[in-house]
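Engineer: My questions will all concern the structure given below.
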Amino acid sequence: MREKITLNVNGQQHVVEVDPETPLLFVLNDDLGLRGPRFGCGMAQCGACTVIMRGQVVRSCVMPVRAVGQDEVTTLEGLGTPEQPHPIQQAFIEEGAAQCGFCLSGVILTAKAVLDVKPNASDQEIRDALGGVLCRCFTHIRMLRAIRKYAEARRT
Amino acid sequence: MIESRRDFLKSCGALIITFSSAPVSLLSAQSPGPFGTHPSHIDPEKLDSWLAVGDDGLVTAYTGKCDFGQGILTAQSQLVAEELCVRIARVKLIQCDTSICPDQGTTSGSQSTPTNFNSENLALAAATAREALLSLAAKKLGEPVENLTVADGVITGTTGRHVRYEDLIGNKHFNLPLNGTAKRRSAADWTVLGKPIPSLDRTALMTGQFEFVHNVRVPGMLHGRVVRPPEMGATVVRVDEQSVRNIPGLVKVVVRKDFVGVVAETQYQATLAARQLAVKWHPGPELPPQKDFFDHLQKQPAHDALSVDSQDVDARLADATSIIRARYTYPYQMHGSVGASCAVADVKPASATVWSATQSAYPTRSIVGKLLNMPLDKVRVIYVRGSGCYGLNGADAVSFDAAILSQAAGKPVRLQFSRPDEMMWENLGSACTVQLRAGLARDGRIIAWDREDWVASMGNRPGYDQPGNVITGMLLGYEPELPEPRSAKPPAGKFRNQSNTVPSYFAGCIAGSCGGDGTIRSERALTHTVRSPFFTGPLRSPLRIQNTFANECFMDELCARANADPVAFRLMHLQNSRVIGVLKAVAQAANWQARSSPKAGVSRAGTVSGRGIACVAYEGNNGYAALVAEVDVDLETGTVQPKRFVVALDCGPISNPDGLRNQIEGGILQGMSRGLVEEVTWDSRRVTSVDWETYNSLYLDYETPTVETVFVTPADVPATGAGETAITVTPAAIGNAIFDATGARLRELPFTPQRVKATLVKSAQGGESV
């Protein structure tokens, strides 16, 4: 049942030997040791497992690893590092836009993806994009403020 | 003999990084337990249990209170830095590891700040250490303590000679008891405390580096899943292990009474096996229908308790010019952590280590010891943050389950709950109904107030010895804590309002001694605790939010009947200066216009807006909040959209205003979600709200109202809790704002469009509402 699968994750190539039906999330967490995408529901309902592929947000908890192919996968840790955070991460750091922080992959990556496609997205459009992202600490105010800050900085 | 703390730390602390498993017997001898809880080997009377200074000048502090997103890692690191006069970067705070941290019970009940900040425990340890270091320095420098100054761990005398902390005590034990008279630094001198220091975890969080319990990996670790019963009370008839024989990597099917789980080499294999395992279950009893649940609740045998009873309520109500009656209902709600719970356990033949997101490291150690039949001192629980819990989510149960699976498999096991494992079996926030009756006198004041509530209860935190309080224990055959039916005894002792059963307007008199916050002396508050068909447990503001919803909305009904301004009418019946303080502060900040509700000339079509207010003395004396909500109500659809919240909070001295604002904003929005959409559902056999399609929560696309926060900080008061105060008043303030906008009184939570619409229709027909 196991197969060798090559994955491009955060700019690096990895070869894993797994059941090709394994959800991408498990491979990212267990085989690659990544912490950014997290298991929230396993049903694509909350966004905690979000990664970016081909500029689109993907719920890695329901995507079989065989379906990834050669596409580059970007996780939250693939955006920037603690020393050099990505500007959207920097905006979240400046705004202190987290409580427990479990949901952050969904929030940050979804916002980044929408602004990459549509740099002038309105608040409403940004919120619409976040429609499937759940933060149960309800840090909405700071998160939206951080996203707005990033969006504005990105435009100038 | 001076033992090197560093060596001690090496022997234990290094475990956190390597996950190796040092023998727990290395730990120091047992000593009497702290905080009136249970025996612990870490003596909280000893300074060395709380604090160590390394020879590099770094301060390591140990606390039994843990940060699960509420910000106390930062706030309590500030506390240590402040009292010890060092930069915060020099402080490392270790939380809730039973082999090295003091037993501080459970991190709950808005008690972390009162417990560690005020006059005892961590604060006292840091103050004791500073004074001890000053005495040592005085000897070394040959100058009296009064002549010495401290800055960032360097003590300087008048001559300019100086000595560093690490030169005085580096890597050595203080060997001192906590000094009850050690002086705290004055708030006026604070340089670290009281400042909006950025939360210490944020960079790691935002860049995906933060280690949650879900990320803990141990060499040789296997993966587990549990197979829960399909319905409440179902029991195992037969488990067919053959049904999963074809799953590669399957290591073990674990069955212990009604507990069923699987262990496999990978997560995916474990999920497949859990899905495929054929289990025949004996059905559980039928559940009471949800439709009439509150009527059912009121008919059950109950454990009755009177918080207060002046015994003259009926007589006084006979004199009232107007009597108002109402019943409020509050549904079961969920913690609904965004991450399904997870734990890692490494159970060896003679010792066990559990990496757990529990709020109760020591109690969890006790329960794990009990379930594994292992002596307490052989079990170590290491706290690692999980998804925000808001109370008793699945973190305790998953820790017990992981330990059982690991013991059975003989290998370390990581257990990840599925979403339905989490939501179908968590200890829900209690459903509750409150029946109220009050009268107005000729002068417009409240003459008497009577209230009874019915609370559904089964289980609770497991504590140190009640595994049956959560699902794991029940599956293993332990009984949950249940209300024992009995009639109420007359109230006795000191007036307490732990669950905010008693409205703030009661005088709270017991045997002539009055401890309430208000002026109403004809008063009765009776609580009936009834057996719940589902597990219940503390959910952020447990019972306080339910009771406050009823009390504060009913107060608003009385205001309306008296044709009075809701702020002025409240003030007329209050005497607690701190409740009065927040009420006045919020009215000013919100630019509150004095008038009665509902708003004059309420429209019958389109969208209308209104404002509502609510206040609370959380748990009677653990934080004070008043909240103004401004909402829009769409009269066609019944949709309620909060636009603006203004909150005034008094929690005494503030450790970190930025962290506090974050808590308040989150609390209010969480309260809004609970007020507008959250409700557990069930059918005749099982909870049916088991994921995010069946349990409603507001998502990030929700139009976020503004939240303005005002702090009221009286001089010379101790710190109180703060994280549960604002949420407590949120549903009530929204309900009162809906009334102000529409004239319709919502007495059932949540305020779904259907419910609002139905109430609007009833109100327009001249129904019961106004």
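The values are calculated or read from the model by the stated rules, or taken from the named source; none is laboratory data. Remember, predicted model here, so these are calculated numbers, not experimental data. As a convention, Cβ positions derive from the backbone with ideal geometry for all residues, glycine included, and neighbour counts pool all protein chains shown.
Engineer: Which residues, taken from region B:258-286, are within 32 Å of the chain's Cα centre (by Cα) and either surrounded by fewer than 19 Cβ atoms within 10 Å (Cβ to Cβ) or polar (S, T, N, Q) (or both)?
Structural biologist: Scanning region B:258-286 gives B:Gln267, B:Thr271, B:Gly284, B:Pro285, B:Glu286.
Engineer: Restricting to region A:98-120, name every residue that is among the aliphatic types (A, V, I, L, M) and surrounded by fewer than 24 Cβ atoms within 10 Å (Cβ to Cβ).
Structural biologist: A:Ala113, A:Val114, A:Leu115, A:Val117
Engineer: A further question on this structure: Report yes if some residue within region B:298-309 is more than 14 Å from chain A (Cβ to nearest Cβ), surrounded by 21 or more Cβ atoms within 10 Å (Cβ to Cβ), in contact with a Ser or Thr (Cβ under 8 Å, 6 or more places away or on another chain) and not acidic (Asp, Glu); otherwise report no.
Structural biologist: Checking region B:298-309: at least one residue is more than 14 Å from chain A (Cβ to nearest Cβ), surrounded by 21 or more Cβ atoms within 10 Å (Cβ to Cβ), in contact with a Ser or Thr (Cβ under 8 Å, 6 or more places away or on another chain) and not acidic (Asp, Glu).
Engineer: Additional query: If B:Glu484 passes every condition in (1) over 26 Å from B:Gly623 (Cα atoms); (2) touching a helix residue (DSSP H, G or I) at 6+ places or on another chain (Cβ under 6 Å) but one, which one does it miss?
Structural biologist: (2)
Residue-wise test of (1) part of a strand (DSSP E or B); (2) more than 30 Å from B:Pro653 (Cα to Cα); (3) touching a residue at least 40 places away in the same chain (Cβ under 8 Å).
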| residue | (1), (2), (3) |
| --- | --- |
| B:Leu669 | no, no, no |
| B:Ser684 | no, yes, yes |
| B:Ser689 | no, yes, yes |
| B:Trp692 | no, yes, yes |
| B:Tyr702 | no, yes, no |
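Engineer: B:Lys291 - would you say it is more than 26 Å from B:Thr433 (Cβ to Cβ), of a type outside the set (A, V, I, L, M, F, W, C), more than 14 Å from chain A (Cβ to nearest Cβ) and over 28 Å from the mean Cα position of the chain (by Cα)?
Structural biologist: So B:Lys291 does not fit the description; no.
Engineer: With respect to B:Arg225, determine if the residue is within 11 Å of chain A (Cβ to nearest Cβ), among the basic types (Lys, Arg), touching a residue at least 12 places away in the same chain (Cβ under 8 Å) and part of a loop (DSSP other than H, G, I, E, B).
Structural biologist: Criteria not met by B:Arg225.
Engineer: Hey, could you check region B:197-211 for residues that are hydrophobic (A, V, I, L, M, F, W, C) and assigned to a helix (DSSP H, G or I) and say which is farthest from the other protein chains (Cβ to nearest Cβ)?
Structural biologist: B:Ala204
Engineer: While we're looking at this one, here's another question. Determine which member of the set A:Leu109, A:Leu104 is more than 7 Å from chain B (Cβ to nearest Cβ) and under 17 Å from the mean Cα position of the chain (by Cα).
Structural biologist: Criteria check complete, one pass: A:Leu109.
Engineer: For region A:22-33, what are the residues that are assigned to a loop (DSSP other than H, G, I, E, B) and buried (at least 24 other Cβ atoms within 10 Å of the Cβ)?
Structural biologist: Here is the first cut: in region A:22-33, the residues assigned to a loop (DSSP other than H, G, I, E, B) are A:22, A:32-33.
A:Thr22, the sole residue that qualifies.
Engineer: Please enumerate the residues belonging to region B:677-707 that are of a type in the set (Asp, Glu) and more than 9 Å from chain A (Cβ to nearest Cβ). Quick ask: steps written out before the conclusion?
Structural biologist: Kept after step one, since they are of a type in the set (Asp, Glu), are these residues of region B:677-707: B:678-679, B:683, B:691, B:693, B:701, B:703.
Residues satisfying the conditions are B:Glu678, B:Glu679, B:Asp683.
Engineer: For region A:79-89, which positions are more than 8 Å from every other protein chain (Cβ to nearest Cβ) and buried (at least 20 other Cβ atoms within 10 Å of the Cβ)?
Structural biologist: Correct list: A:Ile88 only.
Engineer: Separate question: Test A:Val68 against the criterion of being more than 7 Å from chain B (Cβ to nearest Cβ), surrounded by fewer than 24 Cβ atoms within 10 Å (Cβ to Cβ) and touching a strand residue (DSSP E or B) at 6+ places or on another chain (Cβ under 8 Å), and give yes or no.
Structural biologist: Details: more than 7 Å from chain B (Cβ to nearest Cβ): yes; surrounded by fewer than 24 Cβ atoms within 10 Å (Cβ to Cβ): yes; touching a strand residue (DSSP E or B) at 6+ places or on another chain (Cβ under 8 Å): yes.
Judged against the criteria, A:Val68 is a match.
Engineer: Still on this structure, please answer the following. Of everything in region B:358-393, what is within 14 Å of chain A (Cβ to nearest Cβ) and under 14 Å from the mean Cα position of the chain (by Cα)? Give them in sequence order.
Structural biologist: Listed by number, the residues that qualify are B:Gln359, B:Ser387, B:Gly388, B:Cys389, B:Tyr390, B:Gly391, B:Asn393.
Engineer: Which condition number does B:Val710 fail, the rest of (1) buried (at least 20 other Cβ atoms within 10 Å of the Cβ); (2) away from chain A (no Cβ under 11 Å); (3) in contact with a helix residue (DSSP H, G or I) (Cβ under 6 Å, 6 or more places away or on another chain) being met?
Structural biologist: (1)
Engineer: I would also like to ask the following. Residues being more than 18 Å from B:Pro750 (Cβ to Cβ), β-branched (Val, Ile, Thr) and in a strand (DSSP E or B): count how many of those fall in region B:624-667.
Structural biologist: Here the count works out to 3.
Engineer: Can you run down the residue pairs with Cβ atoms below 7 Å, 6 or more apart or on separate chains, where the first is in region B:81-110 and on the phi > 0 side of the Ramachandran plot and the partner is at pLDDT below 90?
Structural biologist: The qualifying pairs are B:Gly105/B:Phe35; B:Gly105/B:Thr37.
Engineer: Show the residue pairs meeting these rules: Cβ distance below 8 Å; 6+ apart or different chains; first residue within region B:465-480 and closer than 14 Å to B:Val368 by Cα; second residue part of a helix (DSSP H, G or I) and polar (S, T, N, Q).
Structural biologist: Matching pairs, first to second residue: B:Asp465/B:Ser366.
Engineer: A follow-up question, please. Of everything in region B:323-341, what is in a loop (DSSP other than H, G, I, E, B) and among the hydroxyl-bearing types (Ser, Thr, Tyr)? Give them in sequence order.
Structural biologist: Result: B:Tyr332, B:Ser337, B:Ser341.
Engineer: Take the residues in region B:504-555 that are in a loop (DSSP other than H, G, I, E, B) and in contact with a Cys (Cβ under 6 Å, 6 or more places away or on another chain); name whichever of them is surrounded by the fewest Cβ atoms within 10 Å (Cβ to Cβ).
Structural biologist: My answer is B:Ala507.
Engineer: Hey, another quick one. For region B:239-287: of the residues being outside any helix (DSSP H, G or I) and basic (Lys, Arg), which is farthest from the other protein chains (Cβ to nearest Cβ)?
Structural biologist: The extreme case among them is B:Lys257.
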